[in-house]
1. What average count of beta carbons from other chains do you get within 10 Å of the Cβ of residues in B:213-225?
2. So, in nm, how far is label residue B:114 from label residue B:136 when the simple model puts each one 7 Å beyond its Cα toward the Cβ?
3. By how many degrees, between 0 and 90 and to the nearest 10, does the Cα long axis of helix B:178-189 differ from the longest principal axis of chain B?
4. Counting trypsin sites (Lys or Arg not before Pro) as exposed when in a DSSP loop with at most 15 other beta carbons within 10 Å, what is the longest stretch of chain A free of them?
5. Which entries in B:50/B:307; B:241/B:335; A:241/B:241; B:88/B:253; A:173/B:241; B:241/B:307 show an alpha-carbon gap greater than 28 Å?
6. May I ask for the distance between the Cα centers of segment B:158-234 and segment A:171-192, given as a whole number of Å?
7. Could you point to the residue in B:43, A:119, A:199 farthest towards the positive end of the protein assembly as shown's charge dipole, with +1 and -1 charges on the Cβ of Lys/Arg and Asp/Glu respectively?
8. Where does helix B:310-319 land angle-wise versus the long Cα axis of chain B, in degrees 0 to 90, nearest 10?
Number of protein chains: 2
Amino acid sequence: MKPSAAIHCGPFSVRLFTKLLVLAVIGFGQPQYAKAQADPLPSWNEGEAKMALLDFVSQTSDPESDGFVMPVDRVAVFDNDGTLWAEKPIYFQIAFVFRGILEQSVDHPEWNNQMPFKAVVGNDLEALRHLSVQDVLTLAFASYPEMTQSSFAEIADAWLSTVRHPRFDVLYKELVYAPMVELLDYLRASEFRVFIVSGGGIEFIRAFSNEAYGIPPENVIGSSLRYEFVETENGYDLMRKSEIGSINDKAGKPVNIQLHIGRRPILAFGNSDGDIEMMQYTSSGDGPGLSLLLHHDDADREYDYDKGTERALGLASSEGWQVVSIRDDFSTVFKVIE
Amino acid sequence: MKPSAAIHCGPFSVRLFTKLLVLAVIGFGQPQYAKAQADPLPSWNEGEAKMALLDFVSQTSDPESDGFVMPVDRVAVFDNDGTLWAEKPIYFQIAFVFRGILEQSVDHPEWNNQMPFKAVVGNDLEALRHLSVQDVLTLAFASYPEMTQSSFAEIADAWLSTVRHPRFDVLYKELVYAPMVELLDYLRASEFRVFIVSGGGIEFIRAFSNEAYGIPPENVIGSSLRYEFVETENGYDLMRKSEIGSINDKAGKPVNIQLHIGRRPILAFGNSDGDIEMMQYTSSGDGPGLSLLLHHDDADREYDYDKGTERALGLASSEGWQVVSIRDDFSTVFKVIE
């Protein structure tokens, strides 16, 4: 019904039009956004998880609600590996590290007999499966030795723009979950500030986060090396040192959230035991707090595994975290794959 | 001349009006913004500094300009003490620390005979003038002992909301420079992302930065303590440890800029030798880069001192930094003071 048509059809229609107008403005006592707009989460199936998200965003954004949160405090944090993009068969950044080791290995014949390099050079899957955290760090430092930050950014960008995933045969950076990208957009449209809080390397993620998720570099928190300020022949630059600055995992996540963001998030989304502390912190503030845990249970469309998530899954019910099932809650998994 | 008046005054005036209109639209080969809009920097006197700012913002924002910078890369960084707000007679945060020491001293009679506490408790100005960095840290840790981050934020907020500056008799947090607040607004309106990069404590600055400058907590970088994730009777929280996380001064500034922001700024504004590396880093990128140094040379309206800024002032000319004079370039210093 066009307003102008209604107004010229006599007193009854004018009254009806006014009534509809009032209803449209005040809503029907339901979440405003969900009723008034097109579905902001079309890649999510109807169900408990989608409802929890819509309700939470609606409550925290509604000045009339007890759960209203000022926009400046609408902070949402997302793990990256296994939460925003896939993490199998190996963490994508590990594939990037292995590529670096193979490239460096031509200058290091001794690596053929030296662990953990030997495992990578010889593609020894059994040995690779048992690498320790220290092994992985040793490999990471050796794969891309000390260089300027800008050189590293170029190398990461080149890898992300060319190397394809072994199973899905698309670029790694294309393997982002469509429902999660929708959720990021929905949160930003609702004046949330969205951050990545990942155990992965902060600069590796920054090399694609703005393109893939619309998350700019300053909103990425991750594990980091130390930098050194240096004078080069071209001016001043930052050198990446082979020293750990911070491991952004487990209790390191809330600690770095405070350092970078400066307040407690009200929404956290993770998928593994490394996200437990971030979810506990988010869910125990004074005001509203929603924590969600993505469960990989869809071997057909993605992967099916609990390893590394057993503790988090066990805690979800008692801690009040919303478990999200890829099989049941995602109508689409990857946007790029039919 | 009113346009409508000109149009009705015969062909010559119409031509003149058209000419003026064309000039107004295309500009005079000068910054578009300055000509086309109301003056975005009314508290700045006309001069080299104001022109440098208007030119730089105009160039970096103009897609037709060689100096155009994509909005995501329009990063501007500001020192805080002596750049955005005053820093005399002592750093405001030091006044806050001294207040904490005096409050704690009732439980610490031994401080009467123990440096550096003795200097504060006895108000020994000569001794206070010679405190080392280590002394200041010792005082800072003792002034507000280990507590949760939320408790500290409340204490800082209470102090900032009540304690007045000894000379100007207004709240410390009101002693922000009007021209600098205008500049922050102007940059944001031109799609810059604005950050504080201060040697001061990150959480102390966060306690007032959003209110005073419109800079939210996540855009504040400062010196920091270590935090510890703890479980309390009320849930999970972060405890402030009496250990230094990072000293955000000198070369620490570009290092923390990379950690928090993830790219090189294109505009830096400082006022002391502690800002030299940040300005060098900003001015030596591949694209445009503007560094500015605020010079305190106005004893009447603010303060007149070079101490702690000698090296930076000496470097300004050879490094191409724009020196900004409070006396000459600021038509208003503090908005709250007539």
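FYI, it's all coordinate maths here, none of it is from the lab. Here the structure is a predicted model, which is why all the values come from computation and not from measurement. Every residue, glycine as well, gets a Cβ built from its backbone with ideal geometry; the counts of neighbours run over all protein chains shown.
1. Rounded to a whole number, the mean comes out at 3.
2. Between residue B:114 and residue B:136, the simple spin-label model gives 2.2 nm.
3. 70 degrees
4. With a cap of 15 other Cβ atoms within 10 Å, the longest stretch comes to A:1-166.
5. Listed pairs above 28 Å: B:241/B:335; A:173/B:241; B:241/B:307.
6. With segment B:158-234 and segment A:171-192 each reduced to a Cα centre, they are spaced 31 Å.
7. Value computed over the given set: B:43.
8. Once rounded, one gets 30 degrees.
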